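One structure is given below, encoded as structure tokens.
The values are calculated or read from the model by the stated rules, or taken from the named source; none is laboratory data. Just so it is clear, the model here is predicted, and its values are computed rather than measured. FYI the Cβ positions are ideal-geometry reconstructions off the backbone, even for glycines, and counts take in every protein chain you see. To get the accessible areas, we keep the full protein, side chains included, count just its heavy atoms, and leave off ligands, DNA and RNA. Shrake-Rupley method; radii C 1.70, N 1.55, O 1.52, S 1.80 Å.
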Amino acid sequence: SYDPSTGEVYCRVPNSGKEEIEAAVEAARAAFPGWSSRSPQERSQVLQRLADLLEQSLEELAQAESRDQGKTLTLARTMDIPRSVQNFRFFASSILHHTSECTQMDHLGCLHYTVRTPVGIAGLISPWNLPLYLLTWKMAPAIAAGNTVIAKPSELTSVTAWMMCKLLEKAGVPPGVVNIVFGVGPRVGEALVSHPEVPLISFTGSQPTAQRITQLSAPHCKKLSLELGGKNPAIVFEDANLEECVPTTVRSSFANQGEICLCTSRIFVQKSIYSEFLKRFVEATRMWKVGIPSDPSADMGALISKAHLEKVRSYIKKARMEGAQILCGEGVDKLNLPRRNQAGYFMLPTVITDIKDESCCMKEEIFGPVTCVVPFDSEEEVIQRANSVKYGLAATVWSGNVGRVHRVAKKLQSGLVWTNCWLIRELNLPFGGMKSSGVGREGAKDSYEFFTEIKTITIKH
């Protein structure tokens, strides 16, 4: 495993395969009867203890996450690890508040009611951009509902998952309830997804991997939740408050090096304010500091890998070849780094303009610190253009007109729409995308429903 800030190998990760998956299935199968028969209150207490232990290790985990993933230590301290703690606390609480339905048919002397039961062994595959944050977002509801799990973190960012393993026993998680298997997708991922005794897969990652998961799951009719990519638009109307819009849109474009599926990568600005917005946006982008992850003044760290950095740079080359303008960032401004970090995977936040909607930079998920800014005339036109990509995960609308905000939000093909803000999450509400951005939703009720099976029981009395 490489340290993205230096480009050097700093630890080694097991590359497991079928054998380890087989052992994990055996352990999960043996642990299932005992764990699933515990009361929600007992499982909730274990989750709360695990949350406490993670919180006590916050600094250690944040240091590890930052080093392993390349993100700034500040972001790991303030977002990744606190949110991982919150995931366990949230589902420890929500599991206590789910109710089932009951209906009477007195004329037939019947009573119907529903019960929810855990599915069995849940396969969880989490990505490298928010490693512990997204692993715990899947693991917490899965075990809260009474399932046992086999989790595969990304081979690029395995360290915090391994650190969490050490806390499971302390928290009172019985052996076999949580099994974490490390390794690459084609070996361990495929073995997990195609195993006949793993009836459910929750995956966050890329669309090509999701297609492969769907193919391998199809013969077993598995339950799937797929949270995939985005090509998220921000729509800035002429009555937007630029004082708030510009800094928030810089953050929504470049936070975590642009490696968040919810990041803004297409900014549509109404023509009357286009030049003013662009001027302010480029100025604010240039103020964003790219630095070593441990630097408290850095806004952005290193990208995850050399291959990913090259992929992101290739999009900027393509934009240049198409005649687009690069206003700041890659190839325009100079990146200053300490000598020992010069082989690290850093790049400057980059703003592209004069680009056509048909360009790959406007259609494909780049997943890096690159955003395109283009003008628009009318509301109808911008809705059509915002919806013209295969993705539909998130969108942001900036306007002071309440009627317009509701109208536009309703017409955007997007699972989440933020207006005059970005990344404010309410964990009770559904999270997920439309079109190629995924299948299914996650959140209090949605995660509970996904990780359980519903049964209708009719009693004639």
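Among the GluC sites (Glu not before Pro) in region 358-461, those placed in a DSSP loop whose Cβ has at most 10 other Cβ atoms within 10 Å are 358, 426. If you model region 233-419 as an ellipsoid using its alpha carbon gyration tensor, with each semi-axis the square root of five times an eigenvalue, the axes come out at 28, 17, 15 Å, biggest first. Ignoring ligands, DNA and RNA, what percent of the accessible area of region 17-119 is carbon or sulfur (1.4 Å)? That share works out to 51 percent. Put simply, the amide H of residue 395, placed in the peptide plane, has neighbours under 5 Å in 416, 417, 418, leaving out anything fewer than 5 places away on its chain. Taking all protein chains into account, the per residue accessible area for the chain stands at 42 Å² (1.4 Å probe).
For region 49-156, what class follows from the C-alpha gyration tensor (a ≥ b ≥ c being the square roots of its eigenvalues): rounded when a/c is under 1.5, otherwise prolate if a/b is larger than b/c, else oblate? Judged from the Cα gyration tensor, region 49-156 comes out prolate (a/c at least 1.5, a/b above b/c). Please state the relative contact order of region 233-419 as a whole percent: Cα pairs under 8 Å, 6+ residues apart? Relative contact order for region 233-419 comes out at 29 percent. The residues neighbouring residue 117, those whose beta-carbon lies less than 10 Å from its own, together hold a net charge of +1 under the Lys/Arg +1, Asp/Glu -1 convention.
The aspartates and glutamates whose alpha-carbon is closer than 18 Å to the alpha-carbon of residue 460, local same-chain residues fewer than 8 away aside, are 101, 106. Could you tell me whether region 368-407 comes out rounded, prolate or oblate from its Cα gyration tensor? Rule is a ≥ b ≥ c as square roots of the eigenvalues, rounded for a/c under 1.5, then prolate if a/b exceeds b/c, otherwise oblate. Here region 368-407 falls in the prolate category. If you take the square roots of the eigenvalues of the alpha-carbon gyration tensor of region 1-98 and sort them as a ≥ b ≥ c, do you get rounded (a/c under 1.5), prolate (a/b over b/c) or oblate? Here region 1-98 falls in the oblate category.
In this structure residue 460 has an accessible area near 150 Å², from a 1.4 Å probe over the protein heavy atoms.
Computed from the C-alpha gyration tensor, the three semi-axes of the ellipsoid equivalent to region 226-307 are 25, 17, 9 Å, from longest to shortest. Each residue of region 145-160 is assigned a 3J(HN,Hα), and the resulting list reads 7, x, 7, 9, 10, 10, 10, 10, x, 5, 5, 7, 9, 9, 5, 5 Hz, derived from the Karplus form 6.51 cos²θ - 1.76 cosθ + 1.60 (θ = phi - 60°), x at Gly and Pro.
Rg/Rh for region 63-221 (Cα atoms only, Rh after Kirkwood) is 1.06.
Taking all Cα pairs closer than 8 Å and separated by 6 or more residues, the relative contact order of the chain comes to 20 percent.
On region 233-419, 51 percent of the accessible area sits on carbon and sulfur atoms, based on a 1.4 Å probe. Distance from the C-alpha centroid of region 21-78 to that of region 215-256: 26 Å, rounded to the whole angstrom. Shown in residue order for region 122-134 are the 3J(HN,Hα) couplings computed by the Karplus curve 6.51 cos²θ - 1.76 cosθ + 1.60 at θ = phi - 60°: 9, x, 10, 10, 10, x, 8, 7, 10, x, 6, 3, 7 Hz (x for Gly and Pro). Helical runs assigned H by DSSP (4 residues or longer) give the chain a calculated mean residue ellipticity at 222 nm of -12000 deg cm²/dmol, each run adding -39500 (n - 2.57) before division by the residue total.
The alpha-carbon positions of the chain define a convex hull whose volume is 155 Å³ per residue.
Based on C-alpha pairs under 8 angstrom that are at least 6 apart in sequence, region 203-287 has a relative contact order of 31 percent.
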